[in-house]
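Q: Quick one: the structure is below, and I'll ask about it shortly.
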Amino acid sequence: MKNILVLFTGGTIGSTAAAGTIDISGETPFKLLQLFKQQTPNHQHIHFTTRQPLQILSENLAPPAWKLLIAALETERIAQYDGVIITHGTDTLAYTAAALNFYFKNLTVPMLLVASDYPLDDPRANGLVNFSCAVEFILKNIQSGVFVPYRNQQQKKILIHKASRLSCSLQLTGDFYSVQGNSFMQFDKKRFSSLSVPTPPDENITTSTAITARFCSRILMIKPYPGLDYRHFNLELVDVVLHDLYHSGTACTSTQWGENHSLLSFIKHCNTKNIPVYLAPAIQATDAYQGSRALLDLGAEMIWNMSIESAYIKLMLAYGNFNNKQQMLAYLNQDSAGEHV
């Protein structure tokens with residue numbers, strides 16, 4: 001008998017569509033199990049323990065929800081199960097996956113987050129196949145850690161993503177990819193096959209200091225776009241800034257259109273208020289654009305080689321757990337849970 005813990009948190013996979021509105025439903029989460037058992041004749045050898053710590057559409061999620069979810073998981077003593085499945089909405093899936101990945105970095109069983117692009121009653125929905133893949137991943141004991149199985153709309157194969165490398169869904173689609181397109185595995189015709197070069201256990205992952213579920217709430221994340229005016233930001237309640245970058249690891253450093261559009265000028269302003277500025281994502285390389293060099297010369301810190309989602313979560317944990325900047329930087333720079341690409 002295989003024992004699997006299933007936590008329902010809401011999302012589209014736990015919703016129904018009625019009168020033109022999609023919203024969470026108390027019965028729909030358990031319908032997922034009913035559908036799975038209907039299509040799986042030998043399901044009797046699987047025992048599902050179910051819990052419902054949250055019922056929320058994931059666009060409404062905030063960091064306190066992660067603390068509730070973590071507390072619920074710790075109450076269950078995860079090691080007694082063969083694996084854990086968490087249902088989740090798609091909008092903030094990548095952020096929750098990263099949060100659980102960093103917190104439960106020493107898992108000894110598989111933990112998989114499962115989502116659906118449409119409510120389960122919709123024939124286009126991928127929630128059931130994603131869930132079935134997660135169950136099979138646990139039954140075959142593929143690997144411990146946190147993962148996200150997801151089938152994109154135009155693909156028959158399901159991609160399995162490492163939680164720390166999952167990016168948010170592409171705009172105007174419900175498709176998900178790992179950063180740089182490097183998924184961990186794929187699942188096709190009931191078989192798993194590797195898509196990444198295997199590395200010996202713990203070869204690149206550094207043992208890190210134990211952390212608690214404290215997520216700093218005073219982080220401002222800024223997205224770059226043409227015409228971004230830094231005068232719009234009030235820094236009174238901000239302890240740290242995380243600035244997203246264009247794909248080349250750059251942001252506007254020119255004052256040609258006014259200093260209010262220059263990230264360099266904004267960093268100088270943050271320096272006067274003792275507010276550190278972190279930049280991500282960027283791949284560490286020998287050569288870098290002049291603007292990127294200038295940003296670092298002003299004291300900005302680059303979070304190298306990880307997605308913006310993982311950088312945000314890791315920064316929240318760093319500032320929630322450590323008071324010393326050296327400890328924070330050490331935590332941010334180490335590959336603590338397979339997040340580095």
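The values are calculated or read from the model by the stated rules, or taken from the named source; none is laboratory data. In this text, all values refer to a predicted model and were calculated from it rather than measured experimentally. All Cβ positions, glycine included, derive from the backbone under ideal geometry; neighbour counts span all protein chains shown.
Q: Determine whether L73 is assigned to a helix (DSSP H, G or I), under 21 Å from N3 (Cβ atoms), among the aliphatic types (A, V, I, L, M) and at pLDDT 95 or above.
A: Here the answer is yes, as L73 does meet what is asked.
Q: For region 314-341, give me the residue count where each residue is among the small types (G, A, S) and over 19 Å from L107 (Cβ atoms). Working first, answer last.
A: Residues of region 314-341 that are among the small types (G, A, S), as a first pass: 318, 320, 330, 336-338.
With the extra rule that they be over 19 Å from L107 (Cβ atoms), the set shrinks to 318, 320, 330.
Total satisfying the criteria: 3.
Okay, residues lined up against (1) buried (at least 18 other Cβ atoms within 10 Å of the Cβ); (2) not in a loop (DSSP other than H, G, I, E, B):
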position	(1), (2)
I4	yes, yes
A17	no, yes
D23	no, yes
K37	no, yes
P41	no, no
Q44	no, yes
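Q: Just the residues that are buried (at least 16 other Cβ atoms within 10 Å of the Cβ) and either touching a Leu at 6+ places or on another chain (Cβ under 8 Å) or not assigned by TED's automatic domain parsing to the domain that holds L228 (or both), please, taken from region 250-268.
A: Across region 250-268, the qualifying residues are A251, C252, T253, H261, L263, L264, I267.
Residues checked against (1) at pLDDT below 95; (2) β-branched (V, I, T); (3) farther than 22 Å from V109 by Cβ; (4) in a helix (DSSP H, G or I):
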residue	(1), (2), (3), (4)
V135	no, yes, no, yes
Q143	no, no, no, no
P149	no, no, no, no
N152	no, no, yes, no
Q155	yes, no, yes, no
I160	no, yes, no, no
S164	no, no, no, yes
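Q: If a residue counts only when it is of a type outside the set (F, W, Y), in contact (Cβ under 8 Å) with a residue 24 or more places away in the chain and over 24 Å from S217 (Cβ atoms), which helices (runs of 4 or more DSSP H) contained entirely in region 261-341 have at least 1 such residues?
A: Per the criteria, 263-272, 290-297.
Q: Could you count how many residues in region 195-223 are in contact with a strand residue (DSSP E or B) (Cβ under 6 Å, 6 or more places away or on another chain) and modelled with pLDDT of 95 or more?
A: 5
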